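Undergrad: Here it is, the structure, as structure tokens.
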Amino acid sequence: MTGYGIAVFDSGSTKYTVEIKSLNSKFLELSLRIPKAFSEKEFQLRTECSKQVERGKVNLSIHTEQTGSAVKAAGIDTALLKHYYEQLQAVSTELNEPAGNLLQLALGLPEVVKYSEDTITEEEWKLVEKTFQQALAAFQQFRADEGKVLQQDLTHRIGLILSNLEQVEVEDPKRIPLIRERLNQYLADAAGSENIDKNRFEQELIYYIDKLDITEEKVRLKTHCQYFMETLKSADANGKKLGFISQEIGREINTLGSKANDAAIQKLVVGMKEELEKIKEQLLNVL
């Protein structure tokens, strides 16, 4: 969700600069810094940003710079200035205090120097709006370029998880004979081979092995990974959806690890968890 876009337009008398930048956020947090003259257009700007930006901590700033003869000087309320000056002079005389620079003091009093409230015409606003749209387009292009890089990285990491899953499927058939042998040895050491009820042992073994079966987890994990890839290729903003899918992938990996009861598979599961954590970190950047 990070992005940056800037656009500048110089009309000859006024230079307009629109800058948009964003950081990651679960929601849209929009902050505007615009001249007072554009206050009535704030709602329109917010609406357009909400529609196109969707999510992120976004800062939008519009700067106008008047040039040449278009620069507007501040105005002086001469009547009010005279009124302040006369009062100051009267107080100075009454207190028998040096007059000093009463004019400078009067100029600093409230409402003497007035800055004209800038307003913009509809033609000027169209220029600003066009510049804003250009900045927004540059901002979206920045996001799109970053998105392509993220898509490649996420695709690679899902591929690594699936690669580990393939190795799990190779190791899985080796578990049952080892478990059978290990349990048989434990019983033999504890009670003696001649005292083992083979039928009862097989019944218990079937029950125990059924608890350790990871077929369902393997199927679900593969399905979730495929669904993740399908969602990733979608043109819609699916950052939150990808986050939910990654949670489901994590659940299957954890369950697979807890039921595996095998060192080789546990090692592969650790590798899957490592890649999944990297995926979750990257998803914070996905819209």
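The values are calculated or read from the model by the stated rules, or taken from the named source; none is laboratory data. Note that the structure is predicted; figures quoted are calculated from it, not measured. Using ideal geometry, Cβ is built from the backbone for each residue, glycine included, and neighbour counts are taken over all protein chains shown. Heads up: the accessible areas ignore ligands, DNA and RNA and are worked out on the full protein's heavy atoms, side chains in. Shrake-Rupley method; radii C 1.70, N 1.55, O 1.52, S 1.80 Å.
Undergrad: With a 1.4 Å probe and every protein chain kept in, tell me what percent of the accessible surface of the stretch 245-287 is carbon plus sulfur.
TA: Numbers: 1030 of 2060 Å².
The computed percentage sits at 50.
Undergrad: If I ignore ligands, DNA and RNA and count only protein heavy atoms, how much of Ser13 is accessible to a 1.4 Å probe, in Å² to the nearest 10?
TA: 50 Å²
Undergrad: With every protein chain present, what is the per residue accessible area of the stretch 238-287 (1.4 Å probe, Å²)? All intermediate terms of the calculation are to be shown ahead of the outcome.
TA: Numbers: 2430 Å² over 50 residues.
Each residue of the stretch 238-287 exposes 49 Å² on average to a 1.4 Å probe.
Undergrad: Going by the alpha-carbon gyration tensor, a ≥ b ≥ c the square roots of its eigenvalues, is the stretch 6-47 rounded (a/c under 1.5) or, if a/c is not under 1.5, prolate (a/b greater than b/c) versus oblate? Please list the in-between numbers first.
TA: Values: a/c = 3.37, a/b = 1.65, b/c = 2.05.
Oblate, because a/c is 1.5 or more while a/b does not exceed b/c.
Undergrad: Return the sequence-ordered ³J(HN,Hα) values of the stretch 83-91 in whole Hz as given by the Karplus equation 6.51 cos²θ - 1.76 cosθ + 1.60 applied to θ = phi - 60°, using x for Gly and Pro.
TA: Couplings: 4, 5, 4, 5, 5, 5, 5, 5, 5 Hz.
Undergrad: Could you pull the accessible area for Phe38 with a 1.4 Å probe, rounded to 10 Å²?
TA: 0 Å²
Undergrad: While we're here: Whenever you get a sec, compute what percent of the accessible area on the stretch 2-72 sits on carbon and sulfur atoms (1.4 Å probe).
TA: On the way: 2100 of 4160 Å².
Here carbon and sulfur together make up 51 percent of the probe-accessible area.
Undergrad: Turning to a different aspect of this structure: Any idea what the dipole of the stretch 225-279 comes to, in debye rounded to 20, about its Cα centre with Lys/Arg Cβ at +1 and Asp/Glu Cβ at -1? Before the final figure, lay out the partial values.
TA: Numbers: 8 positive and 8 negative charges, 15 e Å.
Roughly 80 debye, rounded to the nearest 20.
Undergrad: Still on this structure, please answer the following. When the accessible area of the stretch 75-114 is split by element with a 1.4 Å probe, what percent falls to carbon and sulfur? Kindly include the intermediate steps, with their values, before the conclusion.
TA: Numbers: 1750 of 3050 Å².
Within the stretch 75-114, the accessible surface is 57 percent carbon and sulfur.
Undergrad: Additional query: What does the accessible area per residue of the stretch 1-102 come to in Å², with a 1.4 Å probe and no ligands, DNA or RNA counted? It would help to have the intermediate numbers written out before the result.
TA: Values: 6500 Å² over 102 residues.
In whole numbers, the stretch 1-102 has 64 Å² accessible per residue.
Undergrad: Got a sec? What order do Lys26, Lys280, Lys174 fall in by accessible area at 1.4 Å, biggest, i.e. largest, first? Kindly include the intermediate steps, with their values, before the conclusion.
TA: Details: Lys26 150, Lys280 75, Lys174 105 Å².
Most to least solvent-accessible, the answer reads Lys26, Lys174, Lys280.
Undergrad: Moving on to the next point. If packing is taken as the average count of other Cβ atoms within 10 Å, what order do 158-167, 97-106, 128-137 fall into, highest mean first?
TA: Values: 158-167: 17.2, 97-106: 11.3, 128-137: 18.8.
Those peptides, ordered most packed to least, come out 128-137, 158-167, 97-106.
Undergrad: Kindly sort Arg143, Arg182 by accessible area of their heavy atoms, largest first, with the probe set to 1.4 Å. Don't skip to the answer; put the middle values down first.
TA: Numbers: Arg143 30, Arg182 90 Å².
So the residues, ranked largest to smallest area, are Arg182, Arg143.
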